[in-house]
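Student: Next up is a structure, given as structure tokens.
The values are calculated or read from the model by the stated rules, or taken from the named source; none is laboratory data. Keep in mind the model is a prediction, meaning the values are calculated, not measured. Here Cβ is always computed from backbone atoms with ideal geometry, including for glycine, and neighbour counts include all displayed protein chains.
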Amino acid sequence: MPKKYHIKPTPTAPRFMPVGRSGIIDWEEDCLKCTTCVKKRCLYDVYKNRAYDSQTLEDSIDYQCKNCFSCIQNCPRGVLSKTINPEFLRMGDAYWKPDIIHNTWFQAETGKIPVSGAGYRGPFSGPGFDAMWTDMSEIVRPTRDGIHGREYISTGIDVGRKQRYLKFDASGNVLLEMPPLVEIPLPVIFNVLPFGNLGQGILLSMAEAARQIGSLMYVTPATYGAFLKPFKDHLIPLLPVEGLDLDAEILEGVKMVELLYAPDVLACIQQLKLRSPQLVVSVRLPLDPKARTIAADLAHAGVEVIHLFADYRGNEFVEGDAPRFVKDALREIHLHLVNVSVRDQITLIVSGGIALAEHLPKAIICGADGAAVDLPLLIALECRVCKRCVAGKSCPVSLQNIDPEYGGKRLVNLMCSWWSQLIELMGAMGIRDVRRVRGEAGRAMFFEDLERDTFGALFSNR
Ligand code: SF4
Ligand code: SF4
């Protein structure tokens, strides 16, 4: 029996003091110096391990405090109080919220699933993926228990074109030619990062993590270098159709290539296939209103993989109009491919707006086979989404100097946490193969659908 897939985390502390969610204000002047001070009773030893960063004047309490409020509530003189950190609130933007950044740092440090404790106190619904709930009907007594290793839950996918049916000769040999496939044990590929000072350290961190978890990463000619050669089994060169050089060094030894969509992409695929028949060739297609028709045409023409990409906040590319979120556009394209009978033959990868572990299964339920992840990787390496690098300014966490061994561990930890959450979700759904999650919209509820079904008739005349 093949060995079970497993990702092993390695606790990896951040290099820089992370921006904390809140700060503790300590009015020491009024302190009674109790022998059993509430600070000594902190379950997380936050006061005991307290440290200051002399450069940034940051206090470790701001990051390490778990906000249990025990010390605040139990101090007899009430000298301790908590306040939200304004720097924390300024991090990221409307989509990449401070909580997402904070949780990603925690996962990259520990490899563990973040637990908010004491129930969920957030809003009932929200925009984007927050308007979608997954079926957890088996959560109390999962029929598939992969979480504790009692049953194997597979998170692997095959990237490539699949035959619609099989044909055998009298001796049971397959008569059809089988297209090449690349197997990855987790439905995640490392995407090109949307910004950041992408030095060798970051690329090597990604390549090392991709190797360790058995996945793949995209690399462009601008960022490729001989230092990535040892990782060629895990690289997907991302190339423009125009000026495609079939003898380029970047193509040597790779299993898969991705071409940026252009009207003459099919001719280029043919050239690549003539040169290396076992190469899986993918087409990267912008998620816009034309994507549905183009995806169907490409699938009918025999394309193996289509990578639909939205912008980094998960919106489709559309001018002037309100863009649809990736989950809605993806659902529509997936269903269209089902209706024109080509969905099962191709692999659909999606990217843009995949920010949290839960977004991965949600994208798969909406019709993707897997997702390409970008900004969470940069955040795992301590990025604060301040975008100073975009303006040509220095990076507050010196990402250009990152040590690949350290970076690789942080990325493996993040993927370990995402993988654990995927397994947990599939266990709660009673599904033991991630390929069965694809397009299972019946196992999810969509807020817009519920609202329309419940209130549509009442308010339709308004
Ligand atoms: S609020 Fe809780 S976790 Fe934070 S310092 Fe006080 S006792 Fe420790
Ligand atoms: S921390 Fe800021 S400057 Fe550094 S990579 Fe992230 S966005 Fe860019």
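Student: Please note which strands (runs of 3 or more DSSP E) are completely contained in the stretch 188-285 and include at least 1 residues that are aromatic (Phe, Trp, Tyr).
Tutor: Counting at least 1 such residues, we get 188-190, 217-219.
Student: Answer yes or no as to whether Gly20 is within 16 Å of ligand 1 (Cβ to nearest atom), small (Gly, Ala, Ser) and under 21 Å from Asn413 (Cα atoms).
Tutor: Answer is yes for this residue.
Student: On to the next question. Could you tell me whether the stretch 314-333 includes any residue that is within 22 Å of the chain's Cα centre (by Cα) and within 16 Å of ligand 2 (Cβ to nearest atom)?
Tutor: no
Student: For the stretch 60-95, which residues satisfy the criterion of being of a type in the set (D, E, K, R) and surrounded by fewer than 19 Cβ atoms within 10 Å (Cβ to Cβ)?
Tutor: Lys66, Arg77, Lys82, Glu87, Arg90, Asp93
Student: Read through the list (1) buried (at least 17 other Cβ atoms within 10 Å of the Cβ); (2) in contact with a Ser or Thr (Cβ under 9 Å, 6 or more places away or on another chain), then give the number of the only condition that Gly439 fails.
Tutor: Failing condition for Gly439: (2).
Student: Looking for something farther than 21 Å from Asp374 by Cβ, surrounded by fewer than 24 Cβ atoms within 10 Å (Cβ to Cβ) and assigned by TED's automatic domain parsing to the domain that holds Arg438 - is there at least one such residue anywhere in the stretch 349-362?
Tutor: no
Student: Next question. Name the helices (runs of 4 or more DSSP H) wholly inside the stretch 24-130 in which the number of residues that are away from ligand 1 (no atom under 12 Å from the Cβ) is 1 or more.
Tutor: The qualifying helices (runs of 4 or more DSSP H) are 86-90, 98-110.
Condition check ((1) more than 24 Å from Leu181 (Cα to Cα); (2) out of contact with any Cys (no Cβ under 9 Å at 6 or more places or on another chain)) across all residues:
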{"site": "Val318", "(1), (2)": "yes, yes"}
{"site": "His334", "(1), (2)": "no, no"}
{"site": "Leu337", "(1), (2)": "no, yes"}
{"site": "Arg343", "(1), (2)": "no, yes"}
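Student: On the given criteria, is Cys75 in contact with a strand residue (DSSP E or B) (Cβ under 7 Å, 6 or more places away or on another chain) and modelled with pLDDT of 90 or more?
Tutor: Answer is no for this residue.
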